[in-house]
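All remarks here apply to the structure that follows.
Read-outs throughout are calculated quantities, based only on the coordinates presented, and are distinct from any laboratory measurement. This one's a predicted model, so the numbers in the text were calculated from it and none came from an experiment. Cβ coordinates were reconstructed from backbone atoms using ideal geometry, including for glycine residues, and neighbour counts include every protein chain displayed.
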Amino acid sequence: MNADQEAYYIELAANNSGILCSEAPIEILEACASDVEPTPFLEEYFSTGHSEWLYEKYGRRFPQTRINNAILVLYNRACRLHTSSLTGTDDPESYKQFFSDEGLYG
């Protein structure tokens with residue numbers, strides 16, 4: 001992914017924090033599946049989307065430690081979503097908000 005594409009997806013995350021898992025860009029899911037851990041771009045992408053999701057839900061900003069924890073669980077879910085996409089199976093999280101970390105820590 002080049003710098004222009006990365007900037008596009010960061011802006012997309014900032015302006016569409018309520019998207020569903022079923023609406024997640026396939027390019028993002030593929031990027032997650034191609035690395036063992038989030039790249040700096042993916043960290044920024046999930047940080048941006050999750051921060052905006054939190055702000056829309058609670059009306060305030062949260063500490064970076066909370067955002068950092070969410071980056072990892074959102075990244076892992078994106079990897080699972082990609083696997084579901086490849087295998088053609090329905091994912092039980094497809095109706096959930098992509099940038100929400102609710103229910104991902106248990």
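Neighbours of ASN68, meaning other residues whose beta-carbon lies under 13 angstrom from its beta-carbon, give a summed charge of -3 when Lys and Arg score +1 and Asp and Glu score -1.
A simple spin-label model places the labels of ILE26 and GLU56 2.4 nm from each other, with each point 7 Å out along Cα-to-Cβ.
Helical runs (DSSP H, four residues minimum) scored at -39500 (n - 2.57) apiece and divided by the length of the chain put the mean residue ellipticity at 222 nm at -20000 deg cm²/dmol.
Here r is the Cβ-Cβ distance between TYR95 and ALA7 and R0 is 30 Å; the resulting FRET efficiency, rounded to 0.05, is 0.55.
Computed across the chain, the Kirkwood radius stands at 13.7 Å (inverse of mean 1/r, all Cα pairs).
When the Cα gyration tensor is reduced to axis lengths a ≥ b ≥ c, the ratio a/c is 1.5 or higher for region 1-44, and with a/b not above b/c it is classed as oblate.
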